[in-house]
Amino acid sequence: MKILMKDLFYIYENSGERVVALRGLDLSVELGECLVIRGPNGSGKSTLVKLLTGYQMPTAGEIFIDGFSISEIDPIRLRRDFVASIDQRGNLIKELNVLENLTLAYSLSGRSNAASSESAARTLADHQISHLSTQSPENLSAGERQYLSLLAAVATDPKVLVADEPSEELDDEAAATVYGLLQSLCSKTVVILVTHDVRADAYASRTVRIREGRISEQWSPGQPEESVVDEFGWKRVHEIPPSAPVKLSASASGLILEVENLQLAYGAKEIFSNISFTGSAGELIVLDSTGGANSGKSSLLRILAGIQDATSGEVTIQGEEVGKLDRASRAQLRGRSISYLPQRASVLERITLGEYLSPLKVDLGRLTTVRMNSPLGNFSGGERARIELLKMIAEAKPILLLDEPTSQLDEKRTLEVIDTLYAFLAAGGLAIVSTRNEHLLGAADQRVIFGKFE
């Protein structure tokens, strides 16, 4: 059994111009392989996922699964019997508990309700997670949700499983568990893993890189990258120039922020306690992900931004105690002093890039020269995340709060964003970042590890 992608093209209209997302892509994947697909933001990865799952059809070329062209398969049957998929959000229905979600997944293969429920219960027992049966997906950790989403995705024994950034929000332990499950599935289904996460390489049987809509390199574990040059060649991506100097819109010097004995609890469940630190101009403070996906890092950022209240403790920003401010005053404080980028930030889909950035001057390299009139919905997820982050930095407020800002970015774009962040710090800004990125962890002036301060 194998999946064959032959001479794939995908062309779409964007502001009256034709954009070629895939240009003659050729790739085959055999049963037993766990293939990792990498590539810069905008290289065609997301388009390829949509083609594989039948949500879009190629402009030219064919995709064959076990000898069948997917263009001849009803899209609903394709996703039920041939191709299962999972993304960073998982595929669980929040209104159903864990057992009910798995039961529903098994029922899609035509089993009776009783047989589906029995199969679901047996699967949970086999994976030693029966204790989660009655839990709502909203009460699970990010790792548990992804693990169960994978079990639900393969309940119908699909021929192909496509996983799109399944580890984006996971700490190392949870990611290892999810990747281990993906690896174990390779014996009975073709696994295609689309990700920026370098941790996935340890579980891959082969890795390929997409660039400019074609396969550009491939390699196997322990082997050097091998360039793949087709008869058409490909065009190199233009380098993005160094970031322009940042000038803060509000004066920032010396001590900017004080956090004293913050504690957060939901009823009897304590999320964190005894968080105390100060932040000064030019400092990078990292909220370390050592504590895991549910340690409270995102909640702490919301408290610092005045969006959420702590159970106890105080946050003081430029002499103002945030806890004593009403809602309108907190909004005014954010307007003049704080730029906050949550993990799931999303810009408006229909306005153009130029409209979104106006009147700020944001240097996005070639994006500013060829795509300023493009609707934001036409950009990849990684491109939108980078646009939003660079817009925040261009606002030049003295405090920048970032929740996993590089999680959707490839290596090249990550380094470009970090370079811009360093320029912000050099101008006297204070950045507080929740991250797993090794460059930011190594450059931190302070690291907050929940329950401990370094």
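The values are calculated or read from the model by the stated rules, or taken from the named source; none is laboratory data. Model, not experiment: these values are computed from the prediction. Neighbour counts are summed over all protein chains in view; Cβ atoms, including those assigned to glycine, are modelled from backbone coordinates with ideal geometry. These area figures cover heavy atoms from the full protein model, side chains too; ligands, DNA and RNA do not enter into them. Shrake-Rupley method; radii C 1.70, N 1.55, O 1.52, S 1.80 Å.
So how many residues does the stretch 139-159 have that are under 27 Å from Asp172 (Cβ atoms), surrounded by 17 or more Cβ atoms within 10 Å (Cβ to Cβ) and either among the small types (Gly, Ala, Ser) or out of contact with any Leu (no Cβ under 9 Å at 6 or more places or on another chain) (or both)?
Going through the stretch 139-159 one residue at a time, the tally reaches 5.
Residue by residue through the stretch 198-231, note down the ones that are open to solvent by 40 Å² or more (accessible area, probe 1.4 Å) and modelled with pLDDT under 85.
Correct list: Val198, Pro221, Gly222, Gln223, Pro224, Glu225, Glu226, Ser227, Val228, Val229, Asp230, Glu231.
So in the stretch 1-22, with the set limited to residues that are surrounded by fewer than 20 Cβ atoms within 10 Å (Cβ to Cβ) and either β-branched (Val, Ile, Thr) or under 16 Å from Lys45 (Cβ atoms) (or both), which one is modelled with the highest pLDDT?
Looking at the filtered set, the residue picked out is Phe9.
Please work out if Leu22 is within 23 Å of Arg371 (Cα to Cα), in contact with a Ser or Thr (Cβ under 8 Å, 6 or more places away or on another chain) and hydrophobic (A, V, I, L, M, F, W, C). Outline the logic, then answer.
Working: within 23 Å of Arg371 (Cα to Cα): yes; in contact with a Ser or Thr (Cβ under 8 Å, 6 or more places away or on another chain): yes; hydrophobic (A, V, I, L, M, F, W, C): yes.
Judged against the criteria, Leu22 is a match.
So which strands (runs of 3 or more DSSP E) stay within the stretch 161-221 end to end and still have 2 or more residues that are touching a residue at least 40 places away in the same chain (Cβ under 8 Å) and of a type in the set (Val, Ile, Thr)?
190-194, 206-211
Quickly run through the stretch 56-102 and pick out the residues that are touching a strand residue (DSSP E or B) at 6+ places or on another chain (Cβ under 6 Å), part of a loop (DSSP other than H, G, I, E, B) and either open to solvent by 50 Å² or more (accessible area, probe 1.4 Å) or of a type in the set (A, V, I, L, M) (or both).
Correct list: Thr59 only.
In the stretch 307-323, what residues are under 27 Å from Ala268 (Cβ atoms) and out of contact with any Phe, Trp or Tyr (no Cβ under 9 Å at 6 or more places or on another chain)?
Answer for the stretch 307-323, where residues must be under 27 Å from Ala268 (Cβ atoms) and out of contact with any Phe, Trp or Tyr (no Cβ under 9 Å at 6 or more places or on another chain): Gln308, Asp309, Ala310, Ser312, Gly313, Glu314, Val315, Val322, Gly323.
Can you list residue pairs whose Cβ atoms sit under 6 Å apart, with the first residue in the stretch 270-282 being assigned to a loop (DSSP other than H, G, I, E, B) and the second being of a type outside the set (A, V, I, L, M)? Count only pairs 6 or more apart in sequence or on different chains.
Qualifying pairs under 6 Å: Ala281/Ser253; Ala281/Gly428; Gly282/Gly428.
Could you list, in sequence order, the residues of the stretch 374-406 that are part of a loop (DSSP other than H, G, I, E, B), open to solvent by less than 20 Å² (accessible area, probe 1.4 Å) and small (Gly, Ala, Ser)?
Of everything in the stretch 374-406, those that are part of a loop (DSSP other than H, G, I, E, B), open to solvent by less than 20 Å² (accessible area, probe 1.4 Å) and small (Gly, Ala, Ser) turn out to be Ser374, Ala396.
Could you list, in sequence order, the residues of the stretch 108-120 that are in a helix (DSSP H, G or I) and open to solvent by 50 Å² or more (accessible area, probe 1.4 Å)? Before you say what the answer is, go through the steps one by one.
Pass one, the stretch 108-120, residues in a helix (DSSP H, G or I): 113-120.
Within the stretch 108-120, Asn113, Ala114, Glu118 qualify.
Mind listing whichever residues of the stretch 134-160 are basic (Lys, Arg) and either under 14 Å from Ser184 (Cα atoms) or outside any loop (DSSP other than H, G, I, E, B) (or both)?
Arg145, the sole residue that qualifies.
To keep it simple, each residue is scored yes or no on (1) closer than 30 Å to Ala265 by Cβ; (2) hydrophobic (A, V, I, L, M, F, W, C); (3) free of Cβ contacts under 8 Å to residues at least 60 places away in the same chain.
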residue: Leu389; (1), (2), (3): no, yes, yes
residue: Leu401; (1), (2), (3): yes, yes, no
residue: Leu409; (1), (2), (3): no, yes, no
residue: Glu416; (1), (2), (3): no, no, no
residue: Asp419; (1), (2), (3): no, no, no
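List the pairs whose first member sits in the stretch 13-41 and is more than 19 Å from Ser216 (Cα to Cα), whose second member is open to solvent by 10 Å² or more (accessible area, probe 1.4 Å) and modelled with pLDDT of 90 or more, and whose Cβ atoms are under 8 Å apart, counting only residues at least 6 apart or on separate chains?
From residues that are more than 19 Å from Ser216 (Cα to Cα), the pairs are Gly32/Ser205; Glu33/Ser205; Glu33/Arg206.
Determine whether Glu165 is modelled with pLDDT of 85 or more, more than 29 Å from Gly44 (Cβ to Cβ) and open to solvent by 10 Å² or more (accessible area, probe 1.4 Å). I'd like the intermediate steps shown before the answer.
Working: modelled with pLDDT of 85 or more: yes; more than 29 Å from Gly44 (Cβ to Cβ): no; open to solvent by 10 Å² or more (accessible area, probe 1.4 Å): yes.
No, not satisfied.
Which one of these is open to solvent by 10 Å² or more (accessible area, probe 1.4 Å) and of a type outside the set (Gly, Ala, Ser): Leu425, Leu430?
Working: Leu430 fails: open to solvent by 10 Å² or more (accessible area, probe 1.4 Å).
The conditions single out Leu425.
Taking Ser136 and the conditions (1) open to solvent by 10 Å² or more (accessible area, probe 1.4 Å); (2) over 25 Å from the mean Cα position of the chain (by Cα), which numbered condition does it fall short on, given that it satisfies the others?
In the conditions (1) open to solvent by 10 Å² or more (accessible area, probe 1.4 Å); (2) over 25 Å from the mean Cα position of the chain (by Cα), Ser136 misses (2) alone.
Cβ-Cβ distance below 7 Å, separation of 6 or more or different chains: which pairs start in the stretch 101-122 with a residue that is farther than 20 Å from Gly90 by Cα and end on one that is among the hydroxyl-bearing types (Ser, Thr, Tyr) and in a helix (DSSP H, G or I)?
Filtered contacts from the stretch 101-122: Arg111/Ser119; Asn113/Ser107; Ser116/Thr103; Ser116/Tyr106; Ser116/Ser107; Ser117/Thr103; Ser119/Tyr106.
Which is within 22 Å of Ala200 (Cα to Cα) and buried (at least 21 other Cβ atoms within 10 Å of the Cβ), of Thr47, Thr53?
Values: Thr53 fails: buried (at least 21 other Cβ atoms within 10 Å of the Cβ).
Result: Thr47 is the single residue among Thr47, Thr53 that is within 22 Å of Ala200 (Cα to Cα) and buried (at least 21 other Cβ atoms within 10 Å of the Cβ).
For the stretch 126-133, indicate whether the set of residues that are among the aliphatic types (A, V, I, L, M), open to solvent by less than 40 Å² (accessible area, probe 1.4 Å) and in a loop (DSSP other than H, G, I, E, B) is non-empty.
The answer is yes, given that some residue of the stretch 126-133 is among the aliphatic types (A, V, I, L, M), open to solvent by less than 40 Å² (accessible area, probe 1.4 Å) and in a loop (DSSP other than H, G, I, E, B).
Taking the stretch 75-96 only, how many residues are under 18 Å from Ile3 (Cβ atoms) and either acidic (Asp, Glu) or under 20 Å from the mean Cα position of the chain (by Cα) (or both)?
Residues meeting the conditions: 4.
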